[in-house]
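The values are calculated or read from the model by the stated rules, or taken from the named source; none is laboratory data. Source: prediction; values computed, not measured. Cβ atoms come from the backbone with ideal geometry, glycine included; neighbour counts cover every protein chain shown.
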Amino acid sequence: MNYDMRDNHDEDVRYVLTEQGMRFLAARAGVPPSTFGEHGAVTYVKEADQDHPERAVRHVQHTLGLNHFMVRLARDARACGWRLAEWRNEAESTCRFVDASGQPAWIRPDASGLIGIGDERVPFLVEYDRGTLDAGDYRGKFEGYRRYYASGAWRAGYTREPALLFVCTDDRAAERMSSAAAPDEHGIPLLVTTESRSARHGGNPDGCVGAVWRRQAPGGELVRWPSVLEPGGVHGD
């Protein structure tokens, strides 16, 4: 039900689910395989690609980078006396909704979750960006988010508006993303950081929850996230 894959640069062994394994999980869940394969929280090797299992993990660096950020977020939140109360993967974070004009729409963040601060639960969505998207990809992504926030679709899953956290691998990726997002900035509670800026060190002891998030606005300043804890959070400041 799986392939043993070794990375070219290390001795790590990685296992990838086969299509047969996916169908087994779908049957256990009582879900049609086509639906489970598209929306389930699994990656698998399709039968047509069985001689090339590496295609199923072509985005492995993206996945590893995203997971690394989420683990750092959990660690840094805990160091502040907070906690990562919930972490949802891409499939679990996907939201289909009807926008303000009555049209169907959807968003698919890379991850989402809740930071627990006392009795508060601060929601967030995460996009992890390695700078590989083109302008059209960004436009489509931010159009979805614009409609999501404008329609108040977030209310179906959260009691307060979630921040949209864009985590970029470097300054070049952040500049590409910011240029594409600029026309859609209004109405999206967008905060941007980079891996190096959000790293924990002597000048930034709070790591991911320090003043490392730049507002997507002209001359946007660096702010802390979560902010403690005004009504409306980062978007209501």
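Quick look at the values:
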{"item": "Answer from Val209, Val167 - the residue that is touching a helix residue (DSSP H, G or I) at 6+ places or on another chain (Cβ under 6 Å) and within 12 Å of Val126 (Cβ to Cβ)", "result": "Val167"}
{"item": "Pro109 part of a loop (DSSP other than H, G, I, E, B) and within 20 Å of Asn67 (Cβ to Cβ)", "result": "yes"}
{"item": "Criterion violated by Gly187 - all others in (1) touching a strand residue (DSSP E or B) at 6+ places or on another chain (Cβ under 6 Å); (2) surrounded by fewer than 18 Cβ atoms within 10 Å (Cβ to Cβ) satisfied", "result": "(1)"}
{"item": "Scope the stretch 116-160; condition under 19 Å from Trp225 (Cα atoms) and either surrounded by fewer than 19 Cβ atoms within 10 Å (Cβ to Cβ) or free of Cβ contacts under 8 Å to residues at least 24 places away in the same chain (or both); matching residues", "result": "Gly116, Ile117, Gly118, Asp119, Glu120, Arg121, Tyr158, Thr159, Arg160"}
{"item": "Residue selected from the stretch 79-93 under the condition more than 16 Å from Trp225 (Cβ to Cβ) and among the charged types (D, E, K, R), by the criterion nearest to the chain's Cα centre (by Cα)", "result": "Glu90"}
{"item": "Output for the stretch 71-110, where each listed residue is more than 22 Å from Asn204 (Cβ to Cβ), among the hydrophobic types (A, V, I, L, M, F, W, C) and either surrounded by 18 or more Cβ atoms within 10 Å (Cβ to Cβ) or in contact with a strand residue (DSSP E or B) (Cβ under 9 Å, 6 or more places away or on another chain) (or both)", "result": "Ala85, Trp87, Cys95, Phe97, Val98, Ala105, Trp106, Ile107"}
{"item": "Answer residue from the stretch 145-176, given it is touching a Gly at 6+ places or on another chain (Cβ under 8 Å), in a helix (DSSP H, G or I) and among the aliphatic types (A, V, I, L, M) and is modelled with the highest pLDDT among those", "result": "Ala150"}
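Condition check ((1) of a type in the set (Ser, Thr, Tyr); (2) within 17 Å of Gly65 (Cα to Cα); (3) at pLDDT 95 or above; (4) not assigned by TED's automatic domain parsing to the domain that holds Pro189) across all residues:
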{"residue": "Cys80", "(1), (2), (3), (4)": "no, no, no, no"}
{"residue": "Ala85", "(1), (2), (3), (4)": "no, no, yes, no"}
{"residue": "Ser93", "(1), (2), (3), (4)": "yes, no, no, no"}
{"residue": "Gln103", "(1), (2), (3), (4)": "no, no, yes, no"}
{"residue": "Ile115", "(1), (2), (3), (4)": "no, no, yes, no"}
{"residue": "Arg130", "(1), (2), (3), (4)": "no, yes, no, no"}
{"residue": "Leu133", "(1), (2), (3), (4)": "no, yes, no, no"}
{"residue": "Glu143", "(1), (2), (3), (4)": "no, no, no, no"}
